[in-house]
1. Checking the condition touching a Ser or Thr at 6+ places or on another chain (Cβ under 9 Å), among the aliphatic types (A, V, I, L, M), free of Cβ contacts under 8 Å to residues at least 12 places away in the same chain and surrounded by fewer than 19 Cβ atoms within 10 Å (Cβ to Cβ), which residue from 167, 96, 174 passes?
2. Please determine, by comparing only the residues of region 178-217 that are of a type in the set (Lys, Arg) and surrounded by fewer than 15 Cβ atoms within 10 Å (Cβ to Cβ), which one is farthest from residue 136 (Cα to Cα).
3. Could you please find all residues in region 228-258 being assigned to a loop (DSSP other than H, G, I, E, B) and in contact (Cβ under 8 Å) with a residue 12 or more places away in the chain?
4. What pairs can you find where one residue is in region 109-128 and touching a residue at least 24 places away in the same chain (Cβ under 8 Å), the other is hydroxyl-bearing (Ser, Thr, Tyr) and crowded, with 20+ Cβ neighbours inside 10 Å, and their Cβ atoms are less than 8 Å apart, with a gap of 6+ or different chains?
5. Kindly provide the set of residues from region 67-77 that are free of Cβ contacts under 8 Å to residues at least 60 places away in the same chain and buried (at least 18 other Cβ atoms within 10 Å of the Cβ), ordered by number.
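Taken together, the values in this text are just the output of simple stated rules run on the coordinates, not laboratory data. If you're wondering where the values come from, they're calculated on a predicted model, not measured in any experiment. Don't worry about glycine lacking a Cβ; one is built from the backbone with ideal geometry, like all the others, and counts go over all protein chains shown.
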Amino acid sequence: MQNTAVTLCADDYGLAPGLGRAIRDLIDQGRLQATGCMTGSPFWPEEALRLKALDGRAQIGVHLTLTDQRPLGPMPTLAPEGRLPPLGALLKRAVLHRLPAPEVAAELERQMDAFEAHFGRPPDFLDGHHHVHQLPGVREAVIGLWRRRMGGRGWVRNCWESPVAILRRGVDPLRATVIAGLGLPFRFMLRAAGVPHNRSFRGVYDFSDRLPYGELFRRFTDRPGPATLMMCHPGFVDEALVACERLTAQREVEYRFFASDAMPLSLAERGLTLAPLSP
């Protein structure tokens, strides 16, 4: 029987209040099934309280962060001036196996602590800002977190997607293939460790408006297989977001699409549904 369910996961909850307001609204409307939280953000404690009112309406996870933001504790090697490196610098260290593993593991523990302290329970899943959770020197710590802190429950995002599917989709294929390639070794590790994870990953694009978002959504949700996960980045742009993030205007484009009738109509005309991820 052909699978018809897709899980929509909004990244970056907690980074700025405008993002939280938009994501909560979409969860309340039943348009999102999951959101990953940036618990190192100074806005997280207050945003967590607001999100708790919707607990049970969506899966709530930790969006583990090792780029651009301030760490929750000292990281003299990776963040000597109190700010995490940009993605390019982190990626270079990771592929050369030069990440300070103890520092990384300690920071991920702190971000998990911050989730539990303000949300009051363990997360439903783990993933990574800029997909850092699947990098060498990070992925080992992520699997350890799942074992120790989640009691073997919940799931971990995997960014592997078949290159054939990526090329057929025709959306930013180079970027999507690079992210998928980094996810392939992680997929093997997750399987070996018995960690539940999604089997298809969608949503990678350049955050431009070259294609209408409705067309992007149609391509990303086309022919879903079992445990299909699509990431998205809806939000309202505010001063806090502009101060810390270059991805701004397209977030409001995504929000308007998800909040409109066009999104459920797109799914209905193809016989698709939205459902929480149950890998």
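1. Values: 96 fails: touching a Ser or Thr at 6+ places or on another chain (Cβ under 9 Å); 174 fails: touching a Ser or Thr at 6+ places or on another chain (Cβ under 9 Å).
The unique qualifying residue is 167.
2. Start the filter on region 178-217 by keeping residues that are of a type in the set (Lys, Arg), which leaves 187, 191, 199, 202, 210.
Then drop every residue that is not surrounded by fewer than 15 Cβ atoms within 10 Å (Cβ to Cβ), which leaves 191, 210.
Details: 191: 16, 210: 33 Å.
Of everything passing the filter in region 178-217, 210 is farthest from residue 136 (Cα to Cα).
3. Step one: filter region 228-258 for residues assigned to a loop (DSSP other than H, G, I, E, B), giving 233-238, 245-248.
Result: 233, 234, 235, 236, 237, 238, 245, 247.
4. What qualifies is 111/39; 111/65; 112/39; 114/39; 115/39; 118/39; 128/65.
5. Within region 67-77, the first condition is being free of Cβ contacts under 8 Å to residues at least 60 places away in the same chain, and the residues that meet it are 70-77.
71, 72, 75, listed by residue number.
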